[in-house]
Amino acid sequence: MPPSKSSKIKKVFGIFGNPIAHTLSPLMHQTAFETLGLPYTYVPFKVQNHALEQATRSLAALGISGINVTIPHKKNIIPFLDEITPTASKIGAVNTIDNRSGRLIGHNTDGAGFIASLREQGVDPAGMVVFLIGAGGAARGVAVALLAAGVKKMVIQVRNINRGRYLADHLSAHFSDVEMTVKQMAFGKNEPIQTKGKILLINTTPLGMKPDDPLPFDSSFIHTGWVVADLIYRPYETALLLAAKKRGATTVPGLGMLLYQGALAFKIWTKEKPPIEAMRQSLLSAFSDSD
Ligand code: NAP
């Protein structure tokens, strides 16, 4: 009898999260493995909070080669790892675990994934003035990567001033030479931005996922020469990005960050060059299937 397909699988990867049913990571990574002819598989694991320690400690015992980590475990998984990279430590969250001969190493590729999505559009964040809307988990990863990439100034715009100050204090502790300001704002009602620098505006809030959401930023203040990014990847182009495009800005959709954070995890695990276009097409086809 010929060996079954599963007996040919040499490595297992996966993702821990809860909920996990809608994650696109299995599709993206499986596509990458198949494109390169790698005999690997990728499995979504629904892990509840109380089982996180046990699930993480099982990785070495089961010989699982690598794991992505998503909501709500990115922070809470850290104590169960053997080591985390300096970047993951600055962000305070892990989205990728590499099992190196039984040692679990925590990485964070979210911020670097965002920077790669900017560079793909020809945008170099060094020296730019960043307007960061929102101060949650994704904002932190993106902000650390931007500060490491040499942005000049950062303005954090939030509805909850304490959350904004908390993020700014955390960032200032690691990047003391960058000018950091926190502004409380009523979403969609902004004051004109008085600055001469090259502006990068980033929406890190979920505002824009639903068709009736207000804009997270008053688009009449956006000008030609601005770069406007949105972390939301569904819809592919949010109302903010469509409005920014009309105003002459360069726009960066959230699909790029989703793609490149996955590609960077793939590289850490396999040491192979990620098949970016095949991975991108898998994400785009999933979106068109669900429309
Ligand atoms: P999070 O930790 O819950 O943070 C959300 C932030 O948005 C908080 O600052 C929150 O403010 C603010 N916010 C939420 N609802 C708001 C509203 N109605 N008006 C104004 N501000 C609001 O979430 P997250 O994990 O950072 O994710 C944020 C977004 O990024 C989501 O849309 C997610 O899908 C997207 N994301 C994309 C990628 C990618 O690969 N493209 C990766 C990660 C996340 P408060 O502090 O006041 O609650």
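Would you mind telling me which numbered condition in (1) away from the ligand (no atom under 13 Å from the Cβ); (2) part of a loop (DSSP other than H, G, I, E, B); (3) in contact (Cβ under 8 Å) with a residue 40 or more places away in the chain; (4) surrounded by fewer than 20 Cβ atoms within 10 Å (Cβ to Cβ) ALA278 fails?
Against the list (1) away from the ligand (no atom under 13 Å from the Cβ); (2) part of a loop (DSSP other than H, G, I, E, B); (3) in contact (Cβ under 8 Å) with a residue 40 or more places away in the chain; (4) surrounded by fewer than 20 Cβ atoms within 10 Å (Cβ to Cβ), ALA278 comes up short only on (2).
Given the conditions (1) of a type in the set (Asp, Glu); (2) within 27 Å of LYS153 (Cβ to Cβ); (3) modelled with pLDDT of 95 or more; (4) open to solvent by 20 Å² or more (accessible area, probe 1.4 Å), report the number of the one that GLU272 does not fulfil.
(2)
Within the range 237-252, take every residue that is part of a loop (DSSP other than H, G, I, E, B) and open to solvent by less than 60 Å² (accessible area, probe 1.4 Å) and give me the one that is nearest to the ligand (Cβ to nearest atom).
It comes out as THR238.
Is it true that ILE67 is touching a Phe, Trp or Tyr at 6+ places or on another chain (Cβ under 7 Å) and free of Cβ contacts under 8 Å to residues at least 60 places away in the same chain?
Yes, satisfied.
Go through the range 111-131 and report how many residues are assigned to a helix (DSSP H, G or I) and touching a strand residue (DSSP E or B) at 6+ places or on another chain (Cβ under 7 Å).
2
Report, ordered by the first and then the second residue, all pairs with beta carbons closer than 6 Å, sequence separation of six or more or different chains, a first member in the range 103-114 that is closer than 11 Å to GLY262 by Cα and at pLDDT 95 or above, and a second member that is open to solvent by less than 10 Å² (accessible area, probe 1.4 Å) and away from the ligand (no atom under 12 Å from the Cβ).
Filtered contacts from the range 103-114: ASN108/ALA88; ASN108/VAL94; THR109/THR96.
Tell me, please, whether a residue that is more than 9 Å from the ligand (Cβ to nearest atom), over 21 Å from the mean Cα position of the chain (by Cα) and surrounded by 15 or more Cβ atoms within 10 Å (Cβ to Cβ) can be found in the range 191-214.
Yes - at least one qualifying residue is present in the range 191-214.
Testing PRO44 on (1) open to solvent by less than 60 Å² (accessible area, probe 1.4 Å); (2) closer than 23 Å to SER282 by Cβ, one condition comes back false. Which one is that?
Of (1) open to solvent by less than 60 Å² (accessible area, probe 1.4 Å); (2) closer than 23 Å to SER282 by Cβ, only one is false for PRO44: (1).
Taking the range 71-94 as the region of interest, how many residues are open to solvent by less than 40 Å² (accessible area, probe 1.4 Å) and polar (S, T, N, Q)?
Residues flagged as open to solvent by less than 40 Å² (accessible area, probe 1.4 Å) and polar (S, T, N, Q) within the range 71-94 amount to 1.
Filter the range 135-155 for residues that are within 9 Å of the ligand (Cβ to nearest atom) and open to solvent by less than 10 Å² (accessible area, probe 1.4 Å); which is farthest from LEU240 (Cα to Cα)?
GLY141
What's the number of the only condition in (1) in a helix (DSSP H, G or I); (2) more than 24 Å from SER89 (Cα to Cα) that LYS183 fails to meet?
Only one criterion is unmet by LYS183, namely (1).
Here is a list: ARG159, ARG234, ARG163. Which entry is under 20 Å from SER117 (Cβ atoms), within 16 Å of the ligand (Cβ to nearest atom), surrounded by fewer than 23 Cβ atoms within 10 Å (Cβ to Cβ) and touching a residue at least 24 places away in the same chain (Cβ under 8 Å)? If you could, list the steps in order and put the result at the bottom.
Numbers: ARG159 fails: under 20 Å from SER117 (Cβ atoms); ARG163 fails: under 20 Å from SER117 (Cβ atoms).
Every option except ARG234 fails the conditions.
Would you be able to say whether some residue in the range 169-189 is under 29 Å from ASN76 (Cβ atoms), aliphatic (A, V, I, L, M), away from the ligand (no atom under 16 Å from the Cβ) and within 19 Å of the chain's Cα centre (by Cα)?
No, there is no match, as no residue in the range 169-189 is under 29 Å from ASN76 (Cβ atoms), aliphatic (A, V, I, L, M), away from the ligand (no atom under 16 Å from the Cβ) and within 19 Å of the chain's Cα centre (by Cα).
Inside the range 18-34, can you point out the residues that are buried (at least 17 other Cβ atoms within 10 Å of the Cβ) and touching a Pro at 6+ places or on another chain (Cβ under 7 Å)?
Result: ILE20, PRO26, ALA32.
The values are calculated or read from the model by the stated rules, or taken from the named source; none is laboratory data. Computed from a predicted structure; not experimentally measured. All Cβ positions, glycine included, derive from the backbone under ideal geometry; neighbour counts span all protein chains shown. To get the accessible areas, we keep the full protein, side chains included, count just its heavy atoms, and leave off ligands, DNA and RNA. Shrake-Rupley method; radii C 1.70, N 1.55, O 1.52, S 1.80 Å.
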